[in-house]
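K.L.:
This is the structure I have questions about; it appears just below.
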Amino acid sequence: MRIGVLAVQGAFIEHEQQLASIANRFDEQIECIEIRQKTDLEDLDGIILPGGESTVQGKLLKNLELIDTLQAMILRGIPTLATCAGLILLAKTLENDSTKHLATLPVTVQRNAYGRQLGSFSVSSNVGEIESFPLIFIRAPYITEVSADTRILTVVDQHIVGVEYKNQIGLAFHPEMTNDTRIHEYFLQKVKDLANM
Ligand code: GLN
């Protein structure tokens, strides 16, 4: 399968390492494409949007003319895993902010929701059926509203920090910065199910 990782800014290498680790352990064929230009979007089976700085990533998506094609692919149902800044790119609405990026995920997201003092922290929580996953937050957003058909995967301190809507998984934390690959495996299973692999 061919997985495109948006590689214009941010923590994309860590996602690639997770995919490489899974490919090794389960003897899977996973081709990893770094998305930097429109042609990189051809023939992908799944998309990963990494953490980083969403304002910078959003601008680059526009300048590189990736945004419309990417949005259309996600709306058509390509499995998409988005972490942190990636979640902000996917959100339909941002709290106190009229900016819209891909706007494919029917949730409202508050950027830098934990304030400056609590820049980074980690906790353990269930994520959907995945038990006791280490959640790492770095200047993280959280989700303040979800549509009725969005599934909530994780709640920490009464804040929604993980959701799934159709084939989009949006996480406020960074599974790529742990050596636990279960969330990436879950995402790849969605890719396989869709492609009937
Ligand atoms: N605070 C960042 C933003 O708004 C997201 C942080 C992250 O991806 N670690 O884009």
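K.L.:
Hey, among the residues in the range 102-116 that are part of a loop (DSSP other than H, G, I, E, B) and within 10 Å of the ligand (Cβ to nearest atom), which one's modelled with the highest pLDDT?
P.N.:
111
Yes/no matrix, rows are residues, columns are (1) β-branched (Val, Ile, Thr); (2) more than 21 Å from residue 95 (Cβ to Cβ):
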residue: 123; (1), (2): yes, yes
residue: 127; (1), (2): yes, yes
residue: 130; (1), (2): yes, yes
residue: 153; (1), (2): no, no
residue: 167; (1), (2): no, yes
residue: 172; (1), (2): no, no
residue: 175; (1), (2): no, yes
residue: 193; (1), (2): no, yes
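K.L.:
Could you list all residues from the range 159-196 that are open to solvent by less than 60 Å² (accessible area, probe 1.4 Å) and in a loop (DSSP other than H, G, I, E, B)?
P.N.:
The answer is 167, 172, 173, 174, 178, 180, 181.
K.L.:
Moving on. Among strands (runs of 3 or more DSSP E) lying entirely in the range 1-96, which contain 2 or more residues that are away from the ligand (no atom under 16 Å from the Cβ) and open to solvent by 50 Å² or more (accessible area, probe 1.4 Å)?
P.N.:
31-35
K.L.:
Just wondering, is there one or more residues in the range 141-151 that are within 24 Å of residue 14 (Cβ to Cβ) and part of a strand (DSSP E or B)?
P.N.:
Checked the range 141-151: at least one residue is within 24 Å of residue 14 (Cβ to Cβ) and part of a strand (DSSP E or B).
K.L.:
I'm told residue 122 meets every condition in (1) within 11 Å of the ligand (Cβ to nearest atom); (2) at pLDDT below 95; (3) among the polar types (S, T, N, Q) except one. Can you identify the failing condition by its number?
P.N.:
For residue 122, the exception is condition (1).
K.L.:
All but one of (1) in contact with a Phe, Trp or Tyr (Cβ under 8 Å, 6 or more places away or on another chain); (2) in contact (Cβ under 8 Å) with a residue 40 or more places away in the chain; (3) over 21 Å from residue 176 (Cα atoms) hold for residue 43; state the number of the condition that does not hold.
P.N.:
Of the numbered conditions (1) in contact with a Phe, Trp or Tyr (Cβ under 8 Å, 6 or more places away or on another chain); (2) in contact (Cβ under 8 Å) with a residue 40 or more places away in the chain; (3) over 21 Å from residue 176 (Cα atoms), the odd one out for residue 43 is (1).
K.L.:
Related question: Which of the residues that make up the range 179-193 are within 15 Å of residue 48 (Cβ to Cβ), in contact with a strand residue (DSSP E or B) (Cβ under 8 Å, 6 or more places away or on another chain) and not basic (Lys, Arg)?
P.N.:
The answer is 183, 184, 186, 187, 188, 191.
K.L.:
If you go through the range 118-125 one residue at a time, do you hit one that is of a type in the set (Val, Ile, Thr), out of contact with any Gly (no Cβ under 8 Å at 6 or more places or on another chain) and farther than 20 Å from residue 59 by Cα?
P.N.:
yes
K.L.:
Continuing with the same structure: Residue 130 - would you say it is in contact (Cβ under 8 Å) with a residue 24 or more places away in the chain and closer than 21 Å to residue 178 by Cα?
P.N.:
The answer is yes for residue 130.
K.L.:
Applying the selection to the range 130-146, what residues are open to solvent by 20 Å² or more (accessible area, probe 1.4 Å), within 18 Å of the chain's Cα centre (by Cα) and away from the ligand (no atom under 16 Å from the Cβ)?
P.N.:
If the condition is that a residue be open to solvent by 20 Å² or more (accessible area, probe 1.4 Å), within 18 Å of the chain's Cα centre (by Cα) and away from the ligand (no atom under 16 Å from the Cβ), then 130, 145, 146 are the ones that fit.
The values are calculated or read from the model by the stated rules, or taken from the named source; none is laboratory data. It should be emphasised that the depicted structure is a prediction, and the values quoted were computed from it without experimental measurement. Using ideal geometry, Cβ is built from the backbone for each residue, glycine included, and neighbour counts are taken over all protein chains shown. Protein only, heavy atoms only, side chains kept; ligands, DNA and RNA dropped before computing areas. Shrake-Rupley method; radii C 1.70, N 1.55, O 1.52, S 1.80 Å.
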